[in-house]
Amino acid sequence: MSLRVAILISGGGSNMVSLVEDMQGDHPARPVLVLSNNPSAAGLTKAANLGIDVASLDHRPFGKDRLAFDTALTEILERVAPDVICLAGFMRIFTPEFTARWNGKMLNIHPSLLPKYKGLHTHARAIESGDSEAGCSVHEVTAELDGGPILGQARVPILPNDTTETLAARILPLEHRLYPAVLRKFIMGDHHRVDLT
Ligand code: GRF
């Protein structure tokens, strides 16, 4: 029987698509749900077109009550009983209750070479700092934002004329390779790092 993966998105869902497309054939897992906190996320349509069950949980009616949102999210997730939850451009900060509930089962992709540049505007910060390279990281999700154990990274050089857009465009295809590669190992209990160049 296949292992079960839920994917949480907020936007375009290109990382979600790369994960879904990898979960075929002899892959040990299958996508069981794609959920967005943004009901109009383009990724929901992409997931539905790929034949995946989709759901949305609009965060706005919950206002500042993060725990109520996270509790509702946990209820939805418990119905599909995921073995692993992949955050793929999911733009929410979780409560400690949520990260504790799914401890050891949740992955995130972040567009920086963690531990550098946690949070937002990662590409701009890497360029402004004069870094010679940038990249992306897949890590386990813990209570610390973008702070859990790193499971894989991919790196690219920062070129002299790079803008946030050109750098992001160079990193995104690596995200699409890295995340499925890490998921394949992680879901089989292999937490060794994946390094792509
Ligand atoms: C990616 O760059 C991801 O690393 C970041 O948000 C972006 C999501 O893109 N967290 P997509 O929705 O997967 O296309």
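Since every read-out is calculated from the coordinates, none of them should be taken as a lab result. Everything numeric in this text was worked out from a predicted model, so none of it was measured. Don't worry about glycine lacking a Cβ; one is built from the backbone with ideal geometry, like all the others, and counts go over all protein chains shown.
Couple of notes before you dig in:
- Global geometry of segment 1-119, whether rounded, prolate or oblate, following the gyration tensor of its Cα atoms and the 1.5 cut on a/c: rounded
- For segment 176-181, the Karplus equation 6.51 cos²θ - 1.76 cosθ + 1.60, evaluated at θ = phi - 60°, returns couplings of 5, 8, 5, 5, x, 5 Hz by residue, with Gly and Pro reported as x.
- Taking a point 7 Å from the Cα of Ala100 along the Cα-to-Cβ direction, the residues of segment 43-80 with backbone N closer than 20 Å to it are 65-78.
- For Ala6, neighbours were defined as the other residues whose beta-carbon sits under 14 Å from its Cβ, and their charges (Lys and Arg +1, Asp and Glu -1) total +1.
- Of all DSSP-defined beta bridges confined to segment 55-197, some 65% are antiparallel rather than parallel.
- Long-range amide H partners of Val156 with built H, under 5 Å: Ala134, Gly135
- Of Asp26, Asp70, Asp53, the residue with the greatest mean-square motion in the GNM of the chain, using alpha carbon springs below 10 Å, is Asp26.
- Met188, Met16, Met106 arranged by Cβ crowding within 10 Å, fewest neighbours leading: Met188, Met106, Met16
- With a cut-off of 10 Å between beta carbons, the residues surrounding Pro39 carry a summed charge of 0, where Lys and Arg count +1 and Asp and Glu -1.
- For Thr163, the shell of other residues with beta-carbons less than 15 Å away shows a net charge of -2, using +1 for Lys and Arg and -1 for Asp and Glu.
- Cβ-Cβ distance of Gln24 and His192, R₀ of 25 Å, FRET efficiency by 1/(1 + (r/R0)^6): the value works out to about 0.60.
- Where GluC sites (Glu not before Pro) fall in DSSP loop in segment 75-151, at most 14 other Cβ within 10 Å: Glu144
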